[in-house]
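Values quoted throughout were computed directly from the atomic coordinates according to the rules given, and no laboratory measurement underlies them. As the structure is a computational prediction, the values presented were derived from the model and not from experiment. Here the Cβ positions follow ideal geometry from the backbone for every residue, glycine too, while neighbour counts run over all protein chains shown.
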Amino acid sequence: MPISQQIPRYTTSCDTEIERFRRDGFIIVRGQADAGLCRRMQEFIIKSLHPATGPLEYEVDVEYPGSPVSRLAPGGETPRRLLNAYSRDEMFRNWATSAPLISTLSRLLANERITLSQSHHNCIMTKHPGFSSETHWHQNIRYWSFDRPDLITVWLALGDEHPENGGLSLIPGSHCSNFDRGRFDAALFLREDLPENRALIDGARSIVLNAGDVLFFHCLSLHAAGRNTTDETKFSLVFAYHTEANRPIPRTRSAKYPDIELAARRSSYEPHRG
Ligand SMILES: O=C(O)CCC(=O)C(=O)O
């Protein structure tokens, strides 16, 4: 059953947060990471980009609008994502398993046991001036294979994010719609030529984040992002979570790496000791 239809098993003072998540498909928690941590993460990332430390995805790899045409073309070496963030440094592991973050996820996932996927997101998104590409409207589930489409992406802004530097926009409530396949193109982006999709996009909301803010969004929420038109690179740390009961389908990309098991509790968190 989609998260949006689940009734939390208990009520807390955070019910409005749960209600907003169920209604809109996303919530923002302001100031969850402190300025010092964001700065240390940025410093680490900048070192990892000079020289670029793999595994990484380049802008050219995604072939989105605005991507350089080849690795030899101007901007062809522009990184888009530093992959495997979880194994890059303890700082990222500590963040991904930190008590306040898991506590919020636990509330949003109806207090089920939670696992972190190492196979999806698990990355540092970099959006460089000059050669960043546009990401059209899509749902994150498009290339993920799980028992159920119930996953949450957790997006930590390491600097300010807004439409000018390629910040995300989301369509509130889109996670509740049952879209026909024909609403999407071959690559599973929303077809912007269809009037019904245009009407949906008109209801989009730009997400403005400050360093340390965290956006939690459902894997069925439609979202998009533009190019970075400023002269500063934007950095975001992104992980995906699901309940332990919602398993990746064996032999798919979603099962490529083992999940990291975490335990959900009513208001606290403890590592899962098996
Ligand atoms: O930053 C972007 O261009 C879009 C990223 C995105 O949609 C995602 O990682 O889910």
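For n ≥ 4 DSSP H runs only, could you compute -39500 (n - 2.57) per run for the chain, divide by its residues and tell me the 222 nm figure to the nearest 500?
Values: 7 runs with 57 residues, N = 274.
That comes out to -5500 deg cm²/dmol.
When only C-alpha pairs under 8 Å and at least 6 residues apart count, what is the relative contact order of the chain, in percent?
30 percent
So what's region 28-147 giving for Cα Rg divided by 2.2 N^0.38 Å, two decimals?
1.20
Taking 0.36 nm per intervening residue step and subtracting the Cα-Cα distance, what contour gain separates THR229 from GLU244 on full extension?
Here the segment from THR229 to GLU244 would lengthen by 1.4 nm.
For LYS47, what charge total do you get from the other residues with a beta carbon under 12 Å from its beta carbon, if Lys and Arg give +1 and Asp and Glu give -1? Kindly include the intermediate steps, with their values, before the conclusion.
Values: positive: ARG40, ARG88; negative: GLU43, ASP89.
Spelling it out: positives minus negatives among the neighbours equals 0.
Run the numbers for GLU77 and ALA99: contour at 0.36 nm per residue of separation, minus the present Cα-Cα distance, in nm.
4.2 nm
How long is the gain from GLU63 to ALA186 if the chain were fully straight, where each residue apart is worth 0.36 nm and the alpha carbon distance is subtracted?
Full extension of this stretch gives 42.9 nm more.
Take every Cα pair under 8 Å in region 162-210 that's 6+ residues apart, average their separations, divide by the length, and report that relative contact order as a whole percent. Numbers along the way, then the final one.
Working: 41 pairs, mean separation 28.9, N = 49.
Relative CO of region 162-210 lands at 59 percent.
Would you please state which residues of region 12-55 a label at ASP89 would reach in this model, taking the label point 7 Å out along Cα→Cβ and a backbone N cut-off of under 19 Å?
32-55
Given R₀ = 35 Å, FRET efficiency for ASN210-ASN178 by Cβ-Cβ distance, to 0.05?
Details: r = 35 Å, r/R0 = 0.99.
After rounding, the FRET efficiency stands at 0.50.
How high is the FRET efficiency from ARG30 to ARG142, r the C-beta distance, R0 25 Å, rounded to 0.05?
So the FRET efficiency works out to roughly 0.30.
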